[in-house]
Structures are given as C-alpha cells and as structure tokens.
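Q: So that we are looking at the same thing, I have put the structure below in structure tokens.
The values are calculated or read from the model by the stated rules, or taken from the named source; none is laboratory data. Since we're looking at a predicted model, the values are computed, not measured. Glycine gets a Cβ as well: all are built from the backbone with ideal geometry, and neighbour counts include every protein chain shown. In case anyone asks, the SASA skips ligands and DNA or RNA and just uses the protein heavy atoms, side chains included. Shrake-Rupley method; radii C 1.70, N 1.55, O 1.52, S 1.80 Å.
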Amino acid sequence: MVWSVLTTDFEPATTPTGKLYIDGAWVDAAERYSRHDPARPDRTTGTYAAADLGDVERAYDAAARAGDGWAALPAPARASLLMRAADILERRLEEAALRMVADIGKPIRDARAEALRATAVLRYHAGDAVQPDGETYPSSDPGVLLMTRSEPVGVVCAITPWNFPLAIPAWKLAPAIGLGNTVVWKPAEAASGSAVLLTEVFEEAGLPPGVLNLVTGSGARLSDVLVGDRRLSALTFTGSVEVGDRIRVAAAQHRVNVQLELGGKNPALVLADADLDRAAARIVAGAMLSTGQRCTATSRIYVEEAVRDELVELVLAHTAALHVGDPYDEETDLGPVATEQQLRTVAGFL
C-alpha cells in the first residue's frame, strides 16, 4: 500500500453548534457532546445537542400533529419539495463532503460520490411519490369494484448508522416523507454533523414543521422511548444484528411495522473462466473501500482451485496499489476508521 502523512496546514471543516430540530425549530438540549476528526483526534469538529427522553416525546408530538396535514398534501407538492431538497444538497455538495470527512474520516472522493448519490436518491423518490398509488382488479360480480390504495402509515422512526451519513438517511427519509409520512430521525452520534446538514437542507427546501424531527445523541439512552412511543407506526433501522434484534422484540410489543438492515457476510464467487484482474479489482474495492466499514463489504472469496494462486497474487497487487492516508487528500483511497470504538473492534479481529 502507498502511505501518506497528514498535512500540517489543515483547517478542519466546521459546523455551527448543533441543536435538535423539533416542530420546525432548532432547539437546545440540556446536555451536549463533542465530536472529533478521526484523522486528527485532537481537533473538535462539532458540538451537538444530546436529546433526552422529553425531547423525543416532543419530537413524536410534533410528528403526530403534522401527520394529517402532510398526508393530505397532494403528492406532486411533496415530490416538488424532494426535488428542491436535491437541488439544495447538490449546491452544498462540497460542504456536505467535507462534513462527512470530518465526521467519520471518509476519503474526500468517496464523500463527494456519496453526496451525489444522496441527491439522486432524493430525486428518485420525488418521482416515485407521483406514481400510481393503487390498482383495480377484475371482479366476478359486475356490481363490485375491487381496488387497492396505498396510504401513509403515519409516524415513522428512522435510526441510521454512521458509515454512510447521507446516503442511508436519504434512502429512509425520502420515501417516508415523499409518500406522506412524518419522521422522527435518530442518527448515529458519529454522523451528527452530516445529520444536521441534511436536516438544514430539508428545512431550506420548505418542509413544514413537524414533518421531519431530528434528535441527536446516544442510541442506548434513547432506544426504549424511540421504539416504544404509542404514536409510532413504522420503524426503519440500519445497524448491528444485536441492536436490531432488540428493536424487533420491543417493536413487536406495540405491533409496529419494522424494517431492519443488519450486518452482512458477503462472498465473492470467482470461476476459472472469469476475467481475473477485473475480479481482483472488484474484490479489493468491495473489501477495502470505505475502510471496509460497510455491511456490504466483501468478507470472503470462493474461487476455483485452478485459478486460486493467480487470483491471490492479483488481489495482493491491487491492495498494494491503494493509497492510505489523509482523508482530505484527493489521492487517498483509505482513510482512518471512524471512531475509537471501531478501532478497538477492528484491532480485536487481529
């Protein structure tokens, strides 16, 4: 691998002190926490509001109040708002990319690509919001009309991870909002800066009060009240299997619809007639990029014995060509792991 040292003239990406976003207003919390740049742990990159149980309750109050009005808004109007949000995020692309680098150490080129993907997700779901919302079916009785109609479920809780601070929230927030639901969003602490920025984007796009409510802080502290609120209709979570299992069990007590995206163990299959150099390049990209910090990371390879040794040599060659170093450097392929806890986890594998 190619290594680079950190530059000395770096100026960290900064964000104003983060607040909670509840009922269309930025509000303080009783406690705060600070985040530090993974590439330069001595540099503080943001101070954020640590929500408590009362803050979450107020967020659900706001989401519930906004529900009927937002669901009644014509779908083209909701779609237009998502399109405006995409345009605003695209305009703030470099700021969003730098915020992701400061949050989790994602290399700047990867961060730009993720920000662009988030804009594409917003636009996709703007289009999806105006698709047909039901179907009719043939009936054996000429006097009976058989039909279905899709309707908003109500209040959705979105709990998102740190490894894709903009793309995964966009996957969850855009369809929920575009299809007429209101949202209480709890991002991972490490991604707090990116979450504040994306919420600012929705606010600037003109999202009505209460449709999106951001509560930052400790997931362990807030999980019970997030999952157990009586007004919650559906919950979407991306994260560990352990936490996902706890959420599933808790949500079942209230008959809440749950969507879980948990850890993966992802193989690559290479047959003897494959383009081995291309296969090796894709394997290394799948395993190494994002510093391997994604649930879709390639974690094992099945290869026919006849080409095993050649593939191993090619994988080693592609790995050696990766540039490891400062995530703000345009040449960097692999930056630091995102947090001290993640560093301990990875070191524990060795």
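Q: For the range 235-245, how many residues meet the condition of being within 20 Å of residue 172 (Cα to Cα) and open to solvent by 40 Å² or more (accessible area, probe 1.4 Å)?
A: Of the residues in the range 235-245, the ones within 20 Å of residue 172 (Cα to Cα) are 235-241, 243-245.
The next check asks that each one be open to solvent by 40 Å² or more (accessible area, probe 1.4 Å); those that pass are 240-241, 243, 245.
Within the range 235-245, residues that are within 20 Å of residue 172 (Cα to Cα) and open to solvent by 40 Å² or more (accessible area, probe 1.4 Å) number 4.
Q: In addition: Provide a single number: the residues in the range 16-43 that are within 22 Å of residue 332 (Cβ to Cβ), open to solvent by 30 Å² or more (accessible area, probe 1.4 Å) and touching a strand residue (DSSP E or B) at 6+ places or on another chain (Cβ under 9 Å). Walk me through it before giving the result.
A: Our first condition is that a residue be within 22 Å of residue 332 (Cβ to Cβ); within the range 16-43, this holds for 35-43.
Next cut, open to solvent by 30 Å² or more (accessible area, probe 1.4 Å) only: 35-36, 41-43.
Imposing the further condition that a residue be touching a strand residue (DSSP E or B) at 6+ places or on another chain (Cβ under 9 Å) reduces the set to 35-36, 42-43.
Summing the residues that are within 22 Å of residue 332 (Cβ to Cβ), open to solvent by 30 Å² or more (accessible area, probe 1.4 Å) and touching a strand residue (DSSP E or B) at 6+ places or on another chain (Cβ under 9 Å) in the range 16-43 gives 4.
Listed here are the residues, each with its yes/no results for (1) at positive phi; (2) touching a residue at least 40 places away in the same chain (Cβ under 8 Å).
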residue: 194; (1), (2): no, yes
residue: 197; (1), (2): no, yes
residue: 202; (1), (2): no, yes
residue: 206; (1), (2): yes, yes
residue: 214; (1), (2): no, yes
residue: 222; (1), (2): no, yes
residue: 230; (1), (2): no, no
residue: 237; (1), (2): no, yes
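Q: Next question, about the same structure. Name every residue in the range 82-118 that is touching an Asp or Glu at 6+ places or on another chain (Cβ under 6 Å) and surrounded by fewer than 24 Cβ atoms within 10 Å (Cβ to Cβ), in order of residue number.
A: Within the range 82-118, the first condition is being touching an Asp or Glu at 6+ places or on another chain (Cβ under 6 Å), and the residues that meet it are 88, 102.
Scanning the range 82-118 gives a single hit, 88.
Q: Also, quick follow-up: Take the conditions open to solvent by 20 Å² or more (accessible area, probe 1.4 Å) and not aromatic (Phe, Trp, Tyr) and apply them to residue 56. Does it pass? Don't jump to the end; show me each part of the working.
A: Details: open to solvent by 20 Å² or more (accessible area, probe 1.4 Å): no; not aromatic (Phe, Trp, Tyr): yes.
Judged against the criteria, residue 56 is not a match.
Q: To continue, here is another question. Which of (1) modelled with pLDDT under 95; (2) open to solvent by less than 10 Å² (accessible area, probe 1.4 Å) is the odd one out, the single condition residue 211 does not satisfy?
A: Just one mismatch for residue 211, condition (1).
Q: Which of the residues spanning the range 318-338 are out of contact with any helix residue (DSSP H, G or I) (no Cβ under 8 Å at 6 or more places or on another chain) and β-branched (Val, Ile, Thr)? Spell out how you get there, then give the answer.
A: We begin by selecting, within the range 318-338, every residue out of contact with any helix residue (DSSP H, G or I) (no Cβ under 8 Å at 6 or more places or on another chain); these are 320-321, 323-326, 331.
324, the sole residue that qualifies.
Q: Take the residues in the range 131-161 that are of a type in the set (Gly, Ala, Ser), in a loop (DSSP other than H, G, I, E, B) and closer than 30 Å to residue 60 by Cα; name whichever of them is least open to solvent (accessible area, probe 1.4 Å). So that I can check it myself, show each step before the final result.
A: Restricting attention to the range 131-161, the residues satisfying the condition of being of a type in the set (Gly, Ala, Ser) are 134, 139-140, 143, 150, 154, 158.
Filter again for in a loop (DSSP other than H, G, I, E, B), leaving 139-140, 143, 150, 154.
When the remaining residues are screened for being closer than 30 Å to residue 60 by Cα, the result is 150, 154.
Working: 150: 82, 154: 28 Å².
Result: 154.
Q: Which pairs turn up if I take residues in the range 34-47 that are closer than 15 Å to residue 19 by Cα and look for partners that are open to solvent by 50 Å² or more (accessible area, probe 1.4 Å) and not in a strand (DSSP E or B) with beta carbon separation below 7 Å, at least 6 apart in sequence or on another chain?
A: 45/14; 47/17
Q: Collect the residues in the range 292-350 that are β-branched (Val, Ile, Thr) and open to solvent by 40 Å² or more (accessible area, probe 1.4 Å), keeping them in residue-number order. Talk me through it step by step, then tell me what you get.
A: Step one: filter the range 292-350 for residues β-branched (Val, Ile, Thr), giving 296, 298, 301, 303, 307, 312, 315, 319, 324, 332, 337, 339, 345-346.
Answer for the range 292-350, where residues must be β-branched (Val, Ile, Thr) and open to solvent by 40 Å² or more (accessible area, probe 1.4 Å): 296, 301, 303, 312, 345, 346.
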